[in-house]
Amino acid sequence: MGEPATPSLRQHASGKMNGGIALGAFTELQTALAANKTALLLTVLEAEGGLARSGDRLVAVEGQLAWSSLEPHAAEQLLTAALAEAAAVTSGPQAVQLQSGEKLLCFLQLFNPPPRLIILGGGHIGAALSRMAALLDYEIVVVDDRPSFASRDRHPDAHRLICNDFVKALAELRPTSSDYIVIVTRGHRHDRICLEQALGRPAAYIGMIGSRKRVREMLEDLARSGFDREKLAAVHTPIGLDIGAVTEGEIALSILAEITAVRRSGSGQEPIQEEVLAELAALERQGGRAVLATIVSTLGSTPRSVGTRMLVYPDGRISGTVGGGCGEAAVRQEALLVLEAAQPRLFNLNLTADAAAEEGMACGGRMKVFLEPLDFS
């Protein structure tokens, strides 16, 4: 294994320059996410050679190297290998082999722009949906062809309001695979127009309101008109989870619950917490020391999933969480030892059923947590 090194001792930054000073990895990541760009964060967990060491990392934005603590030729090799792996996994440990033959165990985490919730119809349900969705991390877009129903007074939490014909609005929005489309217009004719347009887009979710009878008749007619039956079968309609919803608020809740189930049915990984990323970027800019604890793998039932991060400061303060209870206390204690030794390490945390029961938790799995000492002073 290569000799571990504190990341701050080996920063060969290849990213943008700010006043002659290279921006840090977490500042680059924060900037990319704020600009709604796709970013890849890679951290070397273990290395068997001299090109990379435990604790090295790189950041790629839109597939291009933005920052690295490795030598340039090693960073390019690692990025090429990592991008190939990232196509199959959004978060998790991955074995990567460089052209030199050196084998690395890396932690990859792919960050996509915040998903859009496109609400087609600004009526009562659309208004309830935009208000409730404000509690989640969606970019909320509301579309209606009536000015009074696409107004800021009616949708104070929407990030964007579009008063236009639905066909023109969807053409302008150009939905992608990270968009969630909800069709709740004022009538079946408009619902059908929206659905016809949405079916030609690679959305992550398409849901349409309506009674079972009306919906079935519409879908059958669309199939006879030549629309793909497989795509029609994928439409979530009648929309929302069956929770017996009656009021506009309850219907909005059922829709968001269904969208959440679809969104989290893939990797289930947690994104980097905004407050933790903000503090990491502040540490880079202002100077300071801390240990970054990242859950890189889990087995069994655990309180947090892969990709969750927590900062531990020299005085024992923490930001973020890896699950609370005795497990988090153990990570905090180990992090302080890592900070003193100034060497990163993988920490195996066993949340046995007995220990979990003592804390009143239902979990009893195992987590691997990578502890990185960060020194930007």
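The table that follows gives values for the structure above.
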read-out	value
Listed residue (G316, P175, L222) projecting farthest to the positive dipole end of the chain, Cβ model	L222
Cβ-Cβ FRET estimate between E172 and R229, R0 fixed at 30 Å, reported to 0.05	0.55
Over region 116-263 - Rg/Rh using Cα atoms and the Kirkwood inverse-distance radius	0.93
Lys pairs, the chain - Cα-Cα below 22 angstrom, 8 or more residues apart or on other chains	4
Among 168-177, 202-211, the order from most to least packed when residues are scored by Cβ within 10 Å on average	202-211, 168-177
Folded to 0 to 90 degrees: helix 248-263 orientation relative to the chain principal axis, Cα	50 degrees
Highest average packing first - 154-161, 250-257, Cβ atoms within 10 Å	250-257, 154-161
Likely footprinting exposure, L42, L105, fewest C-beta neighbours within 10 Å first	L105, L42
Reported label for calculated mean projected area of the Cα convex hull in nm² given (i) 18.9; (ii) 20.7; (iii) 22.1	(iii)
Highest-first arrangement of 136-147, 54-65, where packing means the average Cβ count within 10 Å	54-65, 136-147
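Only the coordinates and a few stated rules stand behind these numbers; no lab work does. Keep in mind that this is a model prediction, so the values were computed, not measured. Using ideal geometry, Cβ is built from the backbone for each residue, glycine included, and neighbour counts are taken over all protein chains shown.
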